[in-house]
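The values are calculated or read from the model by the stated rules, or taken from the named source; none is laboratory data. Since we're looking at a predicted model, the values are computed, not measured. With ideal geometry, Cβ positions are generated from the backbone for all residues, glycine too; neighbour counts draw on all protein chains shown. Ligands, DNA and RNA are stripped out before the accessible areas are found, and what is left, the full protein with its side chains, is counted by its heavy atoms. Shrake-Rupley method; radii C 1.70, N 1.55, O 1.52, S 1.80 Å.
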Amino acid sequence: MKKSKTYYMKEAIKEAKKAYNIGEVPVGCVIVKDEEIIARSHNLRETTQNSTMHAEIIAINEACKKLNSWRLNDCDIYVTLEPCAMCTGALILSRINKVVFGASDPKFGSIVSLVKLLDVEKYNHKVDYESGVLEADCVNLLKQFFQSLRQEKKIDK
């Protein structure tokens with residue numbers, strides 16, 4: 001039986017919750033090939049003190065290792081938050097087939113929000129995209145995280 005987009009997004013949300021639980025911005029993702037999750041990850045920027053440790057970059061690296069190839073042509077990625085410019089570029093360069101994301105990102109989103117990098121016709125690879133899958137769940141997790149951060153700052157004062 002074919003798994004749905006919501007099934008894979010729920011798996012990405014599980015990853016985002018792992019990030020939340022360790023004090024990272026709750027972004028999670030999974031990469032799928034032939035109906036199987038071949039990579040999963042969540043943000044680790046704070047943990048590693050490395051600005052490139054976004055969920056998508058970590059998952060792309062994991063998928064490349066698993067497939068022993070930098071080409072992820074037949075793979076789709078499900079991510080809870082619209083990818084930034086760095087991650088969108090990595091999707092193009094790794095030849096991801098499609099990105100499906102939950103919440104738009106008005107501050108850094110580079111697919112439908114700030115810029116539309118995947119709509120640029122001159123790239124040699126076209127990544128399809130879809131937004132809004134389990135959007136409310138993804139948005140609520142982010143809101144909870146940032147509300148709790150603001151509460152902690154108030155308590156620390």
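Observations on the structure shown:
- Surface composition of the range 1-49: carbon plus sulfur atoms hold 51% of the accessible area, using a 1.4 angstrom probe and ignoring ligands, DNA and RNA.
- Using a probe radius of 1.4 angstrom, the carbon and sulfur fraction of the accessible surface of the range 68-149 is 52%.
- Rolling a 1.4 Å probe across the protein heavy atoms gives the chain an accessible surface of 56 Å² per residue.
- Calculated from backbone phi, Karplus (6.51, -1.76, 1.60) coupling profile of the range 99-111 in Hz, x at Gly/Pro: 10, 10, 10, x, 9, 6, 10, x, 8, 9, x, 10, 10
- Gyration tensor (alpha-carbon) shape descriptor, the range 46-157, a/c threshold 1.5: prolate
- For PHE146, net neighbour charge (Lys/Arg +1, Asp/Glu -1) across residues whose Cβ lies under 11 Å away: +2
- Over 26 Å between alpha carbons, listed pairs LYS2/LYS66; LYS66/LYS116; LYS2/LYS98: LYS66/LYS116
- Remark on LEU81: its backbone amide H falls under 5 Å from those of GLY28, GLY102, ALA103, a criterion applied only to residues 5 or more positions apart or on other chains, H modelled at 1.01 Å from N.
- Pair-distance distribution of the range 112-157: all C-alpha pairs, bin width 10 Å, starting at 0; shares per bin in whole percent are 21, 27, 25, 19, 8, 1.
- Of the chymotrypsin sites (Phe, Trp or Tyr not before Pro) in the range 1-108, those whose Cβ has at most 13 other Cβ within 10 Å and which sit in DSSP loop: TRP70
- Distance from the range 53-90 to the range 110-157 (C-alpha centre basis), Å: 16
- Cα gyration tensor shape of the range 1-97, rounded if a/c is under 1.5, else prolate or oblate by comparing a/b with b/c: oblate
- Mean separation of Cα contacts under 8 Å (6+ apart) over length of the chain, as relative contact order %: 19
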